[in-house]
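Beneath this line is the structure, given in structure tokens, with notes to follow.
The values are calculated or read from the model by the stated rules, or taken from the named source; none is laboratory data. If you're wondering where the values come from, they're calculated on a predicted model, not measured in any experiment. Please note: Cβ atoms are built from the backbone with ideal geometry, for glycine as well, and neighbour counts cover all protein chains shown. Heavy atoms of the whole protein, side chains included, go into the accessibility calculation; ligands, DNA and RNA do not. Shrake-Rupley method; radii C 1.70, N 1.55, O 1.52, S 1.80 Å.
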Amino acid sequence: MRRFGRTVSVITAVLLAGTLLSSCGGTTSADGKVHIEFFQNKPEAKDSFDKLVAKFNAENPNIEVTQVNPPDAETVLLTRVVKNDEPDIVGMGATDTFSILSQSGIFEDLTGQPLLDRVNPAYVKQITDVTGMADITGVPYATNANGIMYNKEIFRKLNLQVPKTWDELIQTAQAVKAAGIIPFYFTYKDDWQTNLSFNALGPNIVGNDFFKARRAGETTFKEHFREVAEKMLALLDYGHSDNFGKTYADGNRSFARGEAAMYIQGTWAIPELRKTNPDLELGFFPFPTGNDPNKVNLISGVDTLLAITQSSKHKEEAAKFVEFLLQPENIGQYIDEQTAFAAVEGVNQDDPAVAELKPYFEQSRFVDFADHFIPAAVQLNSITQSFLQNHNIDWFLNTLDTEWDKVANRRQTQ
């Protein structure tokens, strides 16, 4: 059931800007075809989805799927929801925006549907953990991972082993620095890059159950995140001379050219690195956040889920397209092109650059990104960027608590 009123006010409050698109949800047109709109938020995935859409349309002559991928897609989507102009299918990450839309009754409850039969239950749980709902309102499709990339050639040259613990990570960084090489290439001019270490340290040191307790007002960042903050600061000793002057794009080019030994990054960067250096000897290991390697989990979350809107007039055809995307051949093509991982069981990512992550997937030793649980209005990225510049841990933790409470109070009163 759609729950408007207060929830629409919440969605409106989330909007920072909006570009309203003309209505182009699913219809049956004069050509006799059912027209389905597939709205997704990843510009880098547009070409991959275009190929799959074309294949589906060719196999289903009575259905015409159109992909829509606007700039600032989440803001556009929220604006359209307020205007009762939802697409038929939405592809997006398991983020706070998805949670708001799910709680507002925008998406179909897919609990018990065959679409979920082949999906890894751990990723399904991530969906319900993020929304706080029993209803399953999206089908996990593609996932990604956050960890530490390393240059295998540099590691061989310095006779270094892949670190398995926090102490070993710092020792490795010290050895690299002593050799006159940049240990970590930080790209903190882009504020979203500053939360990569936060996303790894928080879930492993504190645990994502913290966020359930924080929603309930039972705990605070100040109580539990000091070690996380201390370790974030400690890493800064092993960057380069311009940590806050380099962007994500700068880092991709520089790391690909061999200018640093390690790169705290997500798997999404791998295709970009290879554009600069197709022959880069790249490895990727989970961020060793503590000194017991058996307690270190890979950070992996739902990068793209597929949700069907309640307002769609063609839910059966929409579900048929989702089922098509979930077929092993099709999701296999997608993850190969995107260097992503499949939420569908039995579909593996065989790229050698991420081979060291495979055991963590096989053993389900992965946990979700911390920022998936943090409301966008808290402005985690800008707070984290400021903290890494001012080095004030008390300010950082107090600000996170203050901004969290502000957002929670606004949502309760709207």
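Only one of Phe56, Phe49, Phe38 is assigned to a helix (DSSP H, G or I), touching a Gly at 6+ places or on another chain (Cβ under 9 Å) and under 30 Å from Lys275 (Cα atoms); which? Write out each step before concluding.
Details: Phe56 fails: touching a Gly at 6+ places or on another chain (Cβ under 9 Å); Phe38 fails: assigned to a helix (DSSP H, G or I).
Exactly one residue qualifies, and that residue is Phe49.
As for region 297-316, it holds no residue that is part of a loop (DSSP other than H, G, I, E, B) and touching a Leu at 6+ places or on another chain (Cβ under 7 Å).
Being surrounded by 20 or more Cβ atoms within 10 Å (Cβ to Cβ), over 30 Å from Tyr185 (Cα atoms) and touching a residue at least 24 places away in the same chain (Cβ under 8 Å) narrows it down to one residue among Asp88, Asp109; which is it? Steps first, please.
Working: Asp109 fails: surrounded by 20 or more Cβ atoms within 10 Å (Cβ to Cβ).
Of the residues listed, the single one that is surrounded by 20 or more Cβ atoms within 10 Å (Cβ to Cβ), over 30 Å from Tyr185 (Cα atoms) and touching a residue at least 24 places away in the same chain (Cβ under 8 Å) is Asp88.
Given (1) open to solvent by less than 10 Å² (accessible area, probe 1.4 Å); (2) in the same structural domain as Arg253 (by the TED database); (3) without any contact (Cβ under 8 Å) to a residue 60 or more places away in the chain, where does Thr131 come up short, assuming only one miss? Single failed check for Thr131: (2). Of note, Asp279 does not satisfy the criterion of being of a type outside the set (A, V, I, L, M) and touching a residue at least 60 places away in the same chain (Cβ under 8 Å). A count restricted to region 153-171 and to residues that are surrounded by fewer than 16 Cβ atoms within 10 Å (Cβ to Cβ) and among the charged types (D, E, K, R) stands at 4. Of all the numbered requirements in (1) part of a helix (DSSP H, G or I); (2) touching a Ser or Thr at 6+ places or on another chain (Cβ under 6 Å); (3) under 26 Å from Ala213 (Cβ atoms); (4) open to solvent by 10 Å² or more (accessible area, probe 1.4 Å), Glu74 misses one, and that requirement is (3). Hey, could you check region 254-277 for residues that are among the charged types (D, E, K, R) and not in a loop (DSSP other than H, G, I, E, B) and say which is surrounded by the fewest Cβ atoms within 10 Å (Cβ to Cβ)? Here the answer is Lys275. Within region 172-190, being open to solvent by 40 Å² or more (accessible area, probe 1.4 Å) and hydrophobic (A, V, I, L, M, F, W, C) holds for Ala175, Ala178, Ala179, Ile182.
Among helices (runs of 4 or more DSSP H) entirely within region 198-249, having at least 3 residues that are open to solvent by 20 Å² or more (accessible area, probe 1.4 Å) and not basic (Lys, Arg) singles out 226-235.
One line per residue, one yes/no per condition, for (1) under 26 Å from Gly93 (Cα atoms); (2) of a type in the set (Ser, Thr, Tyr):
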site	(1), (2)
Ile181	no, no
Asp190	yes, no
Glu218	no, no
Lys222	no, no
Gly251	yes, no
Ser254	no, yes
Tyr263	yes, yes
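Number of residues in region 350-372 that are surrounded by fewer than 19 Cβ atoms within 10 Å (Cβ to Cβ), farther than 15 Å from Asp129 by Cβ and small (Gly, Ala, Ser) equals 1.
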